[in-house]
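Only one structure is covered here, and it is reproduced in the block below.
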Amino acid sequence: MSSKRELLGSLLSAGFVPHELIQNDQPSIPVTPWYIKILLAISGWLGAVFILGFLFMLMNDLFDEPLTAGLLGVALVIAAYFIIKAPNNDFFEHLGLATSLAGQALVVFSLIDNSNNAINWLFIGIFHAGLAVIMPNFVHRVFSGFFAALSLDIACTIIGAPYIVSSISLILLVMFSINEFKSVIIFERVNGIIYGLILYWLTVHCITPFNVELVELLSQRSKPLFELPVVVIQGSFILAILFSMVKILKQSQLSLRSRPVAVILGITIVFSLLTINATGVAAALIVMLLGFSRSNRVMVGLGIIALIIYCSAYYYNMEETLLYKSGVLLIISVLMLVCRQLLIRFWPQVKEQ
């Protein structure tokens, strides 16, 4: 028992475990079976739908005024915060989540009902970013992180600087992923935001083969104030990819002046330039590499799924002959084999102890 106390005390002083774990010597509460959680989740969403539906029918005339809708949305978000903070209960968790999403929808509706300008979308992005930090719920942080990045991207697109936010979001994603395990508090707050940024990053870059520009679709009613040169936008994307690779390599305790690192960074630059018109490939690969470096299977799985979907759609939508497409696949296969040989040749061999 003393060794256990000493271990928990060391973990507590380092900030890796919550203080409640030291004070509570009682057996842990049994985990709720998954089917019970599903039933409670469905009950929570149904309860929220009926309550909100009744409320909206009762106050239908008030929604004609954007200010009233916005104030009601803020009230619903505040109420959802206290519902989610209730003792661990799946029903209240999903009830609060549904209530909060309805409140956020009312806030967004009140701001963009009359005008679709950059200031409104900037405010929406800040609003969702604040919710991503404040709301004590993992799923809520995923939604809020996604909508915060998307709203800020729409604001920049309206101004005339599209895809700049996506490059910044990748840098934030890498920094959050590297520092998420420094303490329990950081992990709880950052974990959901990380997945929200991943979903935003993959969505923006991997839906282009489907002829869907989500950001441009939501900002099409506004005329840009100026147009940022394409070279600057593409350069920011390449710099974000290169920054991510440098951070991943430093986390692997590799010297940036070594030959293997120089080869990897060189391949990264060349690959980013070759796929600059198909950014979904590099976007999915960087998520896979980040997940692999963090031993995060979910992140790796998201990257693999996004890469398969993007490459399949891109290959299908190519307006070329089958012979040309086959040649493209052959060239890619040869390049992958060459990269493998380069890694075998230049990567230092690590012998297991």
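The values are calculated or read from the model by the stated rules, or taken from the named source; none is laboratory data. Just so it is clear, the model here is predicted, and its values are computed rather than measured. Glycine also receives a Cβ, built like all others from the backbone with ideal geometry; neighbour counts cover every protein chain displayed.
Listed by first and then second residue, the pairs with beta-carbon distance under 9 Å, at least 6 apart or on different chains, first residue in segment 287-302 and without any contact (Cβ under 8 Å) to a residue 40 or more places away in the chain, second surrounded by fewer than 18 Cβ atoms within 10 Å (Cβ to Cβ) and aromatic (Phe, Trp, Tyr), are 300/292.
For residue 276, the requirement of being of a type outside the set (Gly, Ala, Ser) and part of a helix (DSSP H, G or I) is not met.
When the residues of segment 167-220 are filtered to those that are at pLDDT below 90, among the polar types (S, T, N, Q) and closer than 24 Å to residue 137 by Cα, the one that is surrounded by the fewest Cβ atoms within 10 Å (Cβ to Cβ) is 179. Restricting attention to segment 136-150, the residues being buried (at least 23 other Cβ atoms within 10 Å of the Cβ) and over 13 Å from the mean Cα position of the chain (by Cα) number 0. Would you confirm, using the coordinates I've provided, whether residue 281 is in contact (Cβ under 8 Å) with a residue 12 or more places away in the chain and touching a Ser or Thr at 6+ places or on another chain (Cβ under 8 Å)? For residue 281, the condition - in contact (Cβ under 8 Å) with a residue 12 or more places away in the chain and touching a Ser or Thr at 6+ places or on another chain (Cβ under 8 Å) - is met. Set side by side, the residues 273, 290, 335 differ, and just one is out of contact with any Pro (no Cβ under 8 Å at 6 or more places or on another chain), within 23 Å of residue 191 (Cα to Cα) and among the aliphatic types (A, V, I, L, M), which is 290.
Residue selection: residue 270 fails the criterion of being more than 17 Å from residue 288 (Cα to Cα), out of contact with any helix residue (DSSP H, G or I) (no Cβ under 9 Å at 6 or more places or on another chain), modelled with pLDDT under 85 and of a type in the set (A, V, I, L, M, F, W, C). Residue count for segment 93-135 under the criterion of being surrounded by 20 or more Cβ atoms within 10 Å (Cβ to Cβ), over 18 Å from residue 153 (Cβ atoms) and either touching a strand residue (DSSP E or B) at 6+ places or on another chain (Cβ under 9 Å) or not aliphatic (A, V, I, L, M) (or both): the result is 7.
The residues of segment 137-168 that are in contact with a helix residue (DSSP H, G or I) (Cβ under 6 Å, 6 or more places away or on another chain) and not in a helix (DSSP H, G or I), listed by number, are 137, 163. Hey, does segment 314-322 have a residue that's exposed (fewer than 13 other Cβ atoms within 10 Å of the Cβ), at pLDDT below 90, in a helix (DSSP H, G or I) and of a type in the set (A, V, I, L, M)? The answer is yes, given that some residue of segment 314-322 is exposed (fewer than 13 other Cβ atoms within 10 Å of the Cβ), at pLDDT below 90, in a helix (DSSP H, G or I) and of a type in the set (A, V, I, L, M).
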